[in-house]
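No lab work stands behind these numbers, since they all come straight from the coordinates. No experiment lies behind these values; they were computed from the predicted model shown. Virtual Cβ from ideal backbone geometry, glycine too; neighbours counted across all protein chains shown.
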Amino acid sequence: MSSCSRLRARKMQVEASVKFENAFEELRDRIDAAQSRFESMARGEETREEIRSRVNAIWEDLKNSLEKLNSRLK
């Protein structure tokens, strides 16, 4: 393998690693935000239906983030 080919391969590895780290950081931020929302719900006086609705919205957000992460890794 020529040095040029090795450099290109290494560059692609680094770019993939950076994309993964950025996507993972975004997912971690969303999980932290979801945890914060759960904690605020636990302290509040929300009805069961309000909590269910918020939990479903949080779940959808996290699911979408995981799908985005998965598509970035392909």
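A few notes on this one:
- Of I58, A34, V14, farthest towards positive along the dipole that unit charges on Lys, Arg, Asp, Glu beta carbons give the chain: V14
- Globularity index of the chain, i.e. its alpha-carbon radius of gyration over 2.2 N^0.38 Å: 1.68
- Across region 15-20, coupling constants 3J(HN,Hα) worked out from phi with the 6.51/-1.76/1.60 Karplus curve, θ = phi - 60°, read 4, 5, 5, 5, 4, 4 Hz, and Gly and Pro carry x.
- When peptides 10-19, 31-40 are sorted by average Cβ neighbour count within 10 Å, with the highest value leading, the order is 31-40, 10-19.
- Listed residues R52, R30, R43, most fluctuating in the chain (Gaussian network, C-alpha, under 10 Å): R43
- The angle separating the long axis of helix 48-73 from the principal Cα axis of greatest extent in the chain is about 0 degrees.
- A straight chain from K11 to L62 at 0.36 nm per residue would run longer than the Cα-Cα distance by 15.3 nm.
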